[in-house]
Amino acid sequence: MIVEDTVNHTKVDTDKEGLLEFIKNGRQVELHFDDVQSDEDGYMKWDTEYWSSLDKGKFIRTYSLNDKHSSEFTHYNISDMEVNFRPDKAAEVRLS
């Protein structure tokens with residue numbers, strides 16, 4: 001997939017594993033969706049996910065809807081990322 005690198009102002013051709021490596025090395029990955037996403041209970045709604053690393057094996061996802069950032073967040077370990085980190089579902093992926 002082609003990812004926009006907003007820091008270096010370039011395009012990067014990478015895959016999910018490559019994006020995970022960027023996150024592990026201190027970069028943030030933004031997943032922008034065309035449709036509003038929701039949790040299974042309908043409590044939260046978002047159109048952008050921001051994925052960052054707390055350390056090499058712990059990750060955090062924060063959210064925004066219509067450019068308004070939510071105070072909600074979720075934590076994941078590396079094994080959770082296989083199911084929960086879905087850049088293939090995003091309309092646009094940015095590396096910041």
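The values are calculated or read from the model by the stated rules, or taken from the named source; none is laboratory data. Because the structure is predicted, anything quoted here is derived from the model rather than measured. No Cβ is skipped: glycine too gets one built from the backbone with ideal geometry, and neighbour counts run over all protein chains shown. Calculation scope for accessible area: heavy atoms of the full protein, side chains included, ligands and nucleic acids excluded. Shrake-Rupley method; radii C 1.70, N 1.55, O 1.52, S 1.80 Å.
What's the total number of residues in the stretch 10-30 that are of a type in the set (K, R) and part of a strand (DSSP E or B)?
Number satisfying all stated conditions: 1.
Would you pick out the residues in the stretch 31-61 that are assigned to a strand (DSSP E or B) and either farther than 16 Å from L20 by Cβ or in contact (Cβ under 8 Å) with a residue 60 or more places away in the chain (or both)?
Once the filter is applied, which keeps residues that are assigned to a strand (DSSP E or B) and either farther than 16 Å from L20 by Cβ or in contact (Cβ under 8 Å) with a residue 60 or more places away in the chain (or both), the stretch 31-61 yields L31, H32, F33, D34, D35, V36, Q37, S38, K45, W46, D47, T48.
Please work out which residue is modelled with the lowest pLDDT, limiting yourself to the stretch 62-90 and to residues that are within 13 Å of L20 (Cβ to Cβ) and crowded, with 17+ Cβ neighbours inside 10 Å.
Looking at the filtered set, the residue picked out is M81.
Going by the structure shown, is K56 under 16 Å from F85 (Cα atoms) and surrounded by fewer than 12 Cβ atoms within 10 Å (Cβ to Cβ)?
yes
When only residues in the stretch 7-40 that are over 16 Å from A91 (Cβ atoms) and β-branched (V, I, T) count, which is most open to solvent (accessible area, probe 1.4 Å)?
Filtering the stretch 7-40 for residues that are over 16 Å from A91 (Cβ atoms) and β-branched (V, I, T), the one most open to solvent (accessible area, probe 1.4 Å) comes out as V7.
Consider V83 against the criteria (1) of a type in the set (A, V, I, L, M, F, W, C); (2) touching a residue at least 24 places away in the same chain (Cβ under 8 Å); (3) assigned to a helix (DSSP H, G or I): it satisfies all of them except one. Which criterion is unmet?
With respect to (1) of a type in the set (A, V, I, L, M, F, W, C); (2) touching a residue at least 24 places away in the same chain (Cβ under 8 Å); (3) assigned to a helix (DSSP H, G or I), V83 is out only on (2).
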